[in-house]
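Input: one structure, supplied below.
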Amino acid sequence: MKRTGLIVLIVIAVLIFWGFSWGVSTGNKMVTMDEGVSASWSQVENVYQRRSDLIPNLVNTVKGYADFEKSTLTAVIEARAKATQITVDPTKLTPASMQQFQQAQGGLSSALGRLMVVAEKYPDLKANEGFLNLQAQLEGTENRITVERQKFNETARTYNTYIRQFPQMFIASMRNFEKKAYFEAEKGADKAPKVQF
């Protein structure tokens, strides 16, 4: 009888140890994944900052053309100022904070797009080597933004999936790991633009 009681105690101790080990391991994996999401977010901010840093040089190059539309330049400068004021804490990536960030960055993208369209009217500006170089850098940066946003969404999806699965959701709940928001397509992006000749 004593031997059976000892075996039961050993089995219970092993199960408790296994459960504790699993909980610690799962919690540590969540910390690692959460840090991965934060690192991915930092890279997104990094490429947006690169774009923001290119804009003053682009604006100064364009300003050299006296007859260039001042309202377009003002819109770019204002959109840049607004976009740089919006920051998101990577530990609080909520849908609302992501939407606010995306709206500010979308406004800047729109203003830059208008600047490039207006620049097409100025053959001297289009031939300016500095402008062409900045335009190429800006295009490259826009591509980097797309890539980093995609990487962020993949990292956030992996994290979100992991913390919502059974039985990890219990550890996530106890340790306050919350779902991260994603970058979403802008409204109307699902409809093809109308092109008329």
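Could you please let me know if residue 90 is of a type outside the set (Lys, Arg), out of contact with any Gly (no Cβ under 6 Å at 6 or more places or on another chain) and under 28 Å from residue 39 (Cβ atoms)?
Yes: the conditions hold for residue 90.
Has segment 21-37 got at least one residue that is free of Cβ contacts under 8 Å to residues at least 60 places away in the same chain and touching a Gly at 6+ places or on another chain (Cβ under 9 Å)?
The answer is no; no qualifying residue exists.
Taking segment 136-183 on its own, how many of its residues are under 24 Å from residue 92 (Cβ atoms) and either of a type in the set (Lys, Arg) or touching a strand residue (DSSP E or B) at 6+ places or on another chain (Cβ under 8 Å) (or both)?
7
Rundown of residues vs (1) closer than 27 Å to residue 181 by Cα; (2) surrounded by fewer than 17 Cβ atoms within 10 Å (Cβ to Cβ); (3) among the aliphatic types (A, V, I, L, M); (4) over 26 Å from the mean Cα position of the chain (by Cα), yes/no style:
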position	(1), (2), (3), (4)
13	no, yes, yes, yes
26	yes, no, no, no
31	yes, yes, yes, no
69	no, yes, no, yes
77	no, yes, yes, no
97	yes, yes, no, no
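Read-outs: derived from the displayed coordinates by stated rules, not from any lab. All of these numbers come straight from a predicted model, not from anything done at the bench. Using ideal geometry, Cβ is built from the backbone for each residue, glycine included, and neighbour counts are taken over all protein chains shown.
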